[in-house]
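Novice: Dumping the structure here so I can ask a few things about it.
The values are calculated or read from the model by the stated rules, or taken from the named source; none is laboratory data. Remember, predicted model here, so these are calculated numbers, not experimental data. Here Cβ is always computed from backbone atoms with ideal geometry, including for glycine, and neighbour counts include all displayed protein chains.
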Amino acid sequence: MSEFYLRTESIKQTDILNLSVINEADRNILTALKSNEPCLLEGSRGTGKSFLMRVAELELEAESESYISVFVPFNMSSLISTEDNLQFYHWMLAKTLKYLLNKLRRKGIVVSSLTASLLSNDANGTEDEVQIGLKEIVNLFEDSYRGNSKIDISTLPDIEDVKEAIQTICEENSLERVIFFFDEAAHVFRPEQQRQFFNLFKDLRSPYISCNAAIYPGVTHFGDTFELTHDCVYKKLERNISDSDYLQYFEDIVVKQSDEKLCEEINRQKELFNTLALSSGGNPRMLLRTLQNIAKFNTTNVNSEIKSFYRGQIWAEHTELGEKYKGHRGIIDWGRDFLEKTVIPRVEEYNNLRKEKGINEATIYFWIHKDSPEAVKEALRLLTYTGIIRKIDSSVRATRSELGSRYEIKYGCMISLEANPHAESSEFYKKLALNKFPEFGKNHSSYVGSDQILLSNDEEQYGESLKSLLRKPIDVLVLLTPWQKEKLKEAEINTIEELHNSTEENLIDNIYNVGPTRARLMKNAANAELLEYISG
């Protein structure tokens, strides 16, 4: 079976556009990402937020040399732990300026000594010195999880000086503006980081600067000063299984990465592929993962993979969030129990009653009252983050004109309950009706005990969880290939922390037949996987 790219970080910049599949909804998002207005792009893990931002970055620079686009990954935020109350703000600022200077250098744009001094809070700093200083600050912050908590940030500039410096760079080089793309905006289980991120996002607003960021649904904390309706353009990256172009869109994504044999199999057994595509519920990574796990493309294997992934693996990954971050364990476990033991059985019962009565309709949806306990809403938000459910809309009227939110259960999670998922899928899909759903009122009996769930955001507890994660074996990194894991172990890299600390040079020296290019690819893929694992 074909090997797929399961995350954007593994794809070379030169291959991004060749692998891209853009429909009308994606084009609308790209237009927003390339506009003068700041844009937030919301989507669950694996939906393609980073990929679309990379496409926007490449398209902007192809359209005009007067645009400077800077992609800034914030996935190292998990490792920051200092005594600085604004640690995340200062790290972000240093990292943003570091990536800006790197991009300007690659573009051959010279930064004057005056501008360099504005970017470094040092009247005598040259561009090279500024770049070295920023790199040192960034590295110190990213090593702070080891206990190096005191970091000298005196050379970091004031935000107004940063904006003045960027204006000067634009004016001196006939540039229209600088566009920042912030990926992995902040750690989802550290609300204070997220609030500081949105302070920086808002502070950077200028006629010469545009900011865009990828965020997750349900678990993003904007703080008191940032308002979605006033401070940005807000876009949601969702692919609805009922869209007319849905199946063709996902087929195009897979074909772009498939070998000739798999393309022939998909073309010959289109309905089998459609079952897998629908099961993913609009998540490209889930579709690619399930396809990659199938040794031979036939009904038996597809049915087996759907049951294995959507009955087991997807739930195990959600539960593992609670194992990683103990303060959230209660609410994560409660949410899984609520969905598995209450909601899904109710939806099944709802569908079976209509089937017995000969009513030609089915549902994968459910409704939650707007005044349900906060713990219930939080549990659902975390299920949305991992992609098991999707919040469709709010303020939906149900029985007795009560208002609430409507959610969609991952299609694969529902169809996997059948003895033969593929045989049932086609008719089940045709019967789906968005306006049919079981309801859970504000005082539903299944909420009993939810008010006792302990939810802790304590930083000390987070630190202990992080140390525990770093000690785990690299085997937990599910998106590393068996070959990569084997080679890493040969180099005596057995834990997540050892992987994080290893360098490309170390890989070259210790792994037979691995040169600089392959070592960098392995290191980048490993870093992306371990940082996503740590961040949830």
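Novice: Report those helices (runs of 4 or more DSSP H) wholly inside the stretch 12-114 carrying at least 2 residues which are surrounded by 22 or more Cβ atoms within 10 Å (Cβ to Cβ).
Specialist: Counting at least 2 such residues, we get 24-33, 49-63, 87-106.
Novice: Can you give me the number of residues within the stretch 212-235 that are within 13 Å of Phe197 (Cβ to Cβ) and charged (D, E, K, R)?
Specialist: Number of matching residues: 1.
Novice: On the basis of being at pLDDT below 95, buried (at least 17 other Cβ atoms within 10 Å of the Cβ) and under 28 Å from the mean Cα position of the chain (by Cα), does Tyr462 make the cut?
Specialist: yes
Novice: Quick one: count up the residues across the stretch 200-240 that are of a type outside the set (Ser, Thr, Tyr), part of a loop (DSSP other than H, G, I, E, B) and in contact with a helix residue (DSSP H, G or I) (Cβ under 9 Å, 6 or more places away or on another chain).
Specialist: Total meeting the criteria: 16.
Novice: Moving on. Being at pLDDT 80 or above and assigned to a loop (DSSP other than H, G, I, E, B) narrows it down to one residue among Lys485, Lys489, Lys442, Lys430; which is it?
Specialist: Matching residue, one of Lys485, Lys489, Lys442, Lys430: Lys442.
Novice: If you don't mind, there's one more thing I want to ask. Kindly provide the set of residues from the stretch 356-376 that are assigned to a helix (DSSP H, G or I) and either at pLDDT 90 or above or within 21 Å of Gly281 (Cβ to Cβ) (or both), ordered by number.
Specialist: Passing the criteria: Glu356, Val376.
Novice: Among the residues in the stretch 188-201, are any of a type in the set (A, V, I, L, M) and at pLDDT 95 or above?
Specialist: No, the stretch 188-201 contains no residue that is of a type in the set (A, V, I, L, M) and at pLDDT 95 or above.
Novice: Looking at the stretch 69-113, which of its residues are more than 24 Å from the chain's Cα centre (by Cα), under 24 Å from Asn36 (Cβ atoms) and of a type in the set (A, V, I, L, M, F, W, C)?
Specialist: If the condition is that a residue be more than 24 Å from the chain's Cα centre (by Cα), under 24 Å from Asn36 (Cβ atoms) and of a type in the set (A, V, I, L, M, F, W, C), then Leu101, Leu104, Ile109, Val111 are the ones that fit.
Novice: Against the condition in contact with a helix residue (DSSP H, G or I) (Cβ under 8 Å, 6 or more places away or on another chain) and modelled with pLDDT under 65, how does Ala528 come out, does it pass?
Specialist: yes
Novice: Are there any helices (runs of 4 or more DSSP H) wholly within the stretch 277-348 with 1 or more residues that are assigned by TED's automatic domain parsing to the domain that holds Ile415 and either touching a His at 6+ places or on another chain (Cβ under 8 Å) or at pLDDT 95 or above (or both), and if so which?
Specialist: The helices (runs of 4 or more DSSP H) meeting that bar are 299-308, 314-324, 329-337.
Novice: Cβ contacts < 8 Å: first residue small (Gly, Ala, Ser), restricted to the stretch 293-313; second residue assigned to a helix (DSSP H, G or I), any location; separation 6+ or different chain. Result?
Specialist: Sorted first by the residue in the stretch 293-313, then by its partner, the pairs are Ala295/Asn301.
Novice: Select, from Ser174, Ser144, Ser117, the only residue that is of a type in the set (Ser, Thr, Tyr) and without any contact (Cβ under 8 Å) to a residue 24 or more places away in the chain.
Specialist: Ser117
Novice: Taking Leu247, is it in contact (Cβ under 8 Å) with a residue 40 or more places away in the chain and assigned to a helix (DSSP H, G or I)?
Specialist: no
Novice: If a residue must be in contact (Cβ under 8 Å) with a residue 24 or more places away in the chain, surrounded by fewer than 20 Cβ atoms within 10 Å (Cβ to Cβ) and farther than 15 Å from Glu348 by Cα, how many such residues does the stretch 393-422 contain?
Specialist: The qualifying residues number 9.
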